[in-house]
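These notes are about the structure you will find just below.
No lab work stands behind these numbers, since they all come straight from the coordinates. Remember, predicted model here, so these are calculated numbers, not experimental data. For neighbour counting, all protein chains shown are included, and Cβ atoms are generated from backbone atoms with ideal geometry for every residue, glycine included.
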Amino acid sequence: MTERILDELFAVIKERQETLPDDSYTASLFTHEKGENAVLEKLGEEMTEVILAAKDDDTDEIAAESTDLVYHLLVLFAAKEMDLDDLRDELAHRR
Ligand SMILES: N=c1c2ncn([C@@H]3O[C@H](COP(=O)(O)OP(=O)(O)OP(=O)(O)O)[C@@H](O)[C@H]3O)c2ncn1[C@@H]1O[C@H](COP(=O)(O)O)[C@@H](O)[C@H]1O
């Protein structure tokens, strides 16, 4: 697995945001009739799914749902015209 996988995924998300292919789930989040609420609702759902997986002590499910959560968080960053450096800078600031 490449160390830059988050950057690579974020680049694909930005590309989908620009080109809006019909068959892309990511694009559908940017064009949803609910607007920004579409991704905000998914973030809430995925966070709940992480919590339920944790309550079940199901580490495979925690990893899977956390991956859904991170993906939707990156979609939110793109929607807000932020990028991964905003996250890195904030983390570095706290060291
Ligand atoms: N990493 C992801 C990714 N993670 C999660 N998801 C989608 O997020 C949604 C999660 O929704 P749910 O948890 O509700 O799961 P569900 O399968 O819809 O329904 P349930 O039965 O679980 O309720 C699913 O549709 C997943 O496909 C993702 N969709 C796309 N990507 C990546 O985004 C990039 C662009 O992909 P396209 O959007 O397909 O162009 C590619 O690199 C993809 O791998």
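In the stretch 28-45, the qualifying residues are those that are of a type in the set (Gly, Ala, Ser) and assigned to a helix (DSSP H, G or I), and the one that is surrounded by the fewest Cβ atoms within 10 Å (Cβ to Cβ) is Gly44.
Considered as a group, the residues in the stretch 1-27 that are charged (D, E, K, R) and not in a helix (DSSP H, G or I) include one that is farthest from the ligand (Cβ to nearest atom), and that residue is Glu3.
Scan the stretch 46-82 for residues that are of a type in the set (D, E, K, R) and surrounded by fewer than 16 Cβ atoms within 10 Å (Cβ to Cβ) and the total you get is 8. Kindly establish whether Leu87 is surrounded by 12 or more Cβ atoms within 10 Å (Cβ to Cβ), without any contact (Cβ under 8 Å) to a residue 40 or more places away in the chain, of a type outside the set (Lys, Arg) and over 24 Å from Lys14 (Cβ atoms). Spelling it out, it is not the case that Leu87 is surrounded by 12 or more Cβ atoms within 10 Å (Cβ to Cβ), without any contact (Cβ under 8 Å) to a residue 40 or more places away in the chain, of a type outside the set (Lys, Arg) and over 24 Å from Lys14 (Cβ atoms). For the criterion of being over 21 Å from Leu6 (Cβ atoms), assigned to a helix (DSSP H, G or I) and not aliphatic (A, V, I, L, M), Thr48 passes. Only one entry of Lys34, Lys80, Lys55 meets the criterion of being away from the ligand (no atom under 12 Å from the Cβ) and touching an Asp or Glu at 6+ places or on another chain (Cβ under 8 Å), and that entry is Lys34. Condition first: of a type in the set (D, E, K, R), without any contact (Cβ under 8 Å) to a residue 60 or more places away in the chain and outside any helix (DSSP H, G or I). Now tell me which residues in the stretch 51-84 satisfy that. Asp56, Asp57, Asp58, Lys80, Glu81, listed by residue number.
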